[in-house]
1. What is the gain in length, in nm to one decimal, between residue 181 and residue 89 on full extension, counting 0.36 nm per residue of separation less the C-alpha to C-alpha distance?
2. Order the peptides 210-219, 66-75 from the highest to the lowest mean number of other Cβ atoms within 10 Å of their residues.
3. Residue separation times 0.36 nm, minus the C-alpha to C-alpha distance between residue 284 and residue 169: what's the value?
4. Need one number: the % of Cα-Cα pairs in the stretch 12-112 sitting beyond the 18 Å mark.
5. Considering only the chain, what is the antiparallel percent among its DSSP beta bridges, to the nearest 5?
6. Quick one: angle between helix 181-193 and the longest Cα principal axis of the chain, in degrees between 0 and 90, rounded to 10, please.
7. As I understand it, the value is the acute angle between the Cα axis of helix 243-252 and the longest principal axis of the Cα atoms of the chain; what does it come to in degrees, rounded to 10?
8. Normalized C-alpha radius of gyration of the stretch 64-204, against 2.2 N^0.38 Å?
Ligand SMILES: Cc1ccc2cc(C(N)=O)cc(O)c2n1
């Protein structure tokens, strides 16, 4: 009956909104007990009337049955890794090459911290999350959809974007899955208590949790997602002019994006940003291994294109390795 269908939809939306506030904005809007009550109400309703269950229901985030192996996914466009710069001189060379190719005096860059996680691709069809894959070798990744559905900061369905109220027909969102430092410490405490091996760093913990064949285990690991771009998008609504507006669009779709992101002009501002973020690195809630600079104008990115596997329009400026032991 329509009354029940409406009640189920209202519960789903309320729970997803609370998930968004809690897991994406880190700003809970209701006490946990209240949230649990809503969640139980929806579970009971769905148990009594299974026809009310939808694939994007928050009750479907629970781990599904374990897989034997991960199906392979061919990325529609390759997920290339970024070229690295370790010294300021290399960043200056990057900026000089960009200015010479574009024949401009100064370049506007979109900048953000480089999360030390693992890159994933998320596909949304008519606003519903349908498929998620690891980067793999950049061309072929693993289908880890069931595990990604357990990541609360990944929306299971999209609302409208910046202007229109209907989500794009097809949208590929790319970003990093990571584990916050605090959740990493908590997990390793649990591992110790269970006499199980501890993880060496948050990146390994995130990779191990995401590439876990049993989603019932992944759902117990607190993973987080931050979007950094769009792979493919079909709608007019998807910004095509600036990287910074692509990020605004993703934020409007309730994807978490780096709070520290910014837009700067010229190479001196890049180095200043790198220093500023480097100074705050220890107190950030997540591990980062550098900063990412991208030419902000997307037409200019097209002009610069890619060299071999890495884009010419972007570079990751890395910090010295943090701990002696690497992963
Ligand atoms: C194009 C590209 C590729 C890998 C990336 C990786 C990160 C990252 N690890 O935060 C951020 C980005 O903006 C990236 N952008």
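A short reminder: the numbers here are calculations on the coordinates, not readings from a lab. This is a predicted model, so every value here is computed, not measured. Glycine gets a Cβ as well: all are built from the backbone with ideal geometry, and neighbour counts include every protein chain shown.
1. Full extension of this stretch gives 30.0 nm more.
2. My ranking of the peptides, most packed first, is 210-219, 66-75.
3. Taking 0.36 nm per residue and subtracting the Cα distance, the gain is 37.8 nm.
4. Considering the stretch 12-112, 71 percent of its Cα-Cα pairs are separated by more than 18 Å.
5. 95
6. 60
7. Relative to the chain, helix 243-252 is tipped by roughly 10 degrees.
8. Normalised by 2.2 N^0.38 Å, the Cα Rg of the stretch 64-204 equals 1.34.
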